[in-house]
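Take a look at the structure set out below.
The values are calculated or read from the model by the stated rules, or taken from the named source; none is laboratory data. Computed from a predicted structure; not experimentally measured. Cβ atoms come from the backbone with ideal geometry, glycine included; neighbour counts cover every protein chain shown. What goes into the accessible areas is simple: the full protein's heavy atoms, side chains included, and nothing from ligands, DNA or RNA. Shrake-Rupley method; radii C 1.70, N 1.55, O 1.52, S 1.80 Å.
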Amino acid sequence: MRVEVFFTPGELQGADVAGRTVVVIDVLRATTTIAEAFAAGARAVYPVASVEEAARLASTLGRDEVLLCGERRCLPIEGFDLGNSPREFTSERVAGKALVMSTTNGTYAISLATGAERVITASFANLGAVAAAIAGDTDVVIVCAGRQGRFALEDAVCAGLLLEALAGPGGSAPEGGDAVDAARSLAGSFAPTREMLANTAAGRDLIDAGLGDDLELCARIDRLDLVPVIRDRHIELLETAAA
Ligand code: MLT
């Protein structure tokens with residue numbers, strides 16, 4: 001397997017993703033929340049970059065048929081049904097629903113993967129399921145959503161743990177460049193815990209916004225056995241990995 005790791009979405013821009021599997025990671029919080037939404041029974045997630053696009057798509061799909069969700073500066077967007085806290089995505093709120101989601105970094109990173117063979121979203125929550133789903137792929141790109149275009153430690157650690165899972169116990173690193181080595185090294189140095197997340201820039205933003213309780217859920221590894229995958233314009237569950 002050949003793997004390329006991009007620590008920021010800016011590095012991915014212009015990269016050729018055609019024919020490749022792209023795994024997008026935004027631990028705090030978009031890809032954790034997407035996994036949580038599917039665990040709670042959401043039917044589909046439509047990732048969009050802007051608030052305007054979200055409103056337009058919701059009216060095309062039928063405003064009563066969808067839930068608008070997402071955040072700006074960590075907080076729910078005015079007029080939207082849900083924010084971007086995984087704790088909000090309960091089966092009572094989202095089971096059977098289509099969600100139109102716009103977040104600052106995560107849904108933007110997903111939008112850059114257009115043209116890939118397949119696009120999957122990963123977080124600590126569904127790391128093992130994603131590793132199993134892509135284990136047979138030959139050409140994989142891991143893109144970290146980062147924070148405001150910059151490096152985010154939690155996404156890099158998640159990328160590294162995904163590489164570890166692909167290598168298997170005692171296994172060798174998937175073939176890649178310096179970023180692959182760096183991600184694996186970070187994964188060996190930073191265990192995914194609430195404390196680790198609380199010391200990241202994105203974690204501090206969440207604590208300052210009064211959303212520190214999200215960190216516990218975002219840190220927990222392998223609690224969801226599911227793989228969200230993009231089909232056309234929306235994300236759905238990869239059938240073989242669904243619980
Ligand atoms: C994002 O996509 O920018 C993040 O998920 C921000 C957040 O924590 O809500």
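The table for this structure:
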read-out: Hits in the stretch 209-234 - residues which are more than 15 Å from S123 (Cα to Cα) and touching a residue at least 60 places away in the same chain (Cβ under 8 Å); value: A209, L211, D213, I230, R233, H234
read-out: The stretch 100-115, residues that are more than 21 Å from G160 (Cα to Cα) and touching a Ser or Thr at 6+ places or on another chain (Cβ under 7 Å); value: M101, S102
read-out: Unique match (being among the basic types (K, R) and touching a Leu at 6+ places or on another chain (Cβ under 8 Å)) among R73, R87, R63; value: R87
read-out: Boolean, G149 is closer than 28 Å to V51 by Cβ, open to solvent by less than 10 Å² (accessible area, probe 1.4 Å) and either within 16 Å of the ligand (Cβ to nearest atom) or basic (K, R) (or both); value: no
read-out: In the stretch 203-234, the residues that are closer than 28 Å to A135 by Cα and touching a strand residue (DSSP E or B) at 6+ places or on another chain (Cβ under 7 Å); value: L226, V227, P228, V229, I230, R233, H234
read-out: Neighbours by Cβ (under 8 Å, 6+ apart or cross-chain): first from the stretch 45-61, of a type in the set (G, A, S); second assigned to a helix (DSSP H, G or I); value: A49/T107; A49/Y108; A49/S111
read-out: Residues (closer than 28 Å to N199 by Cβ, open to solvent by 40 Å² or more (accessible area, probe 1.4 Å) and assigned to a strand (DSSP E or B)) located in the stretch 1-26; value: E4
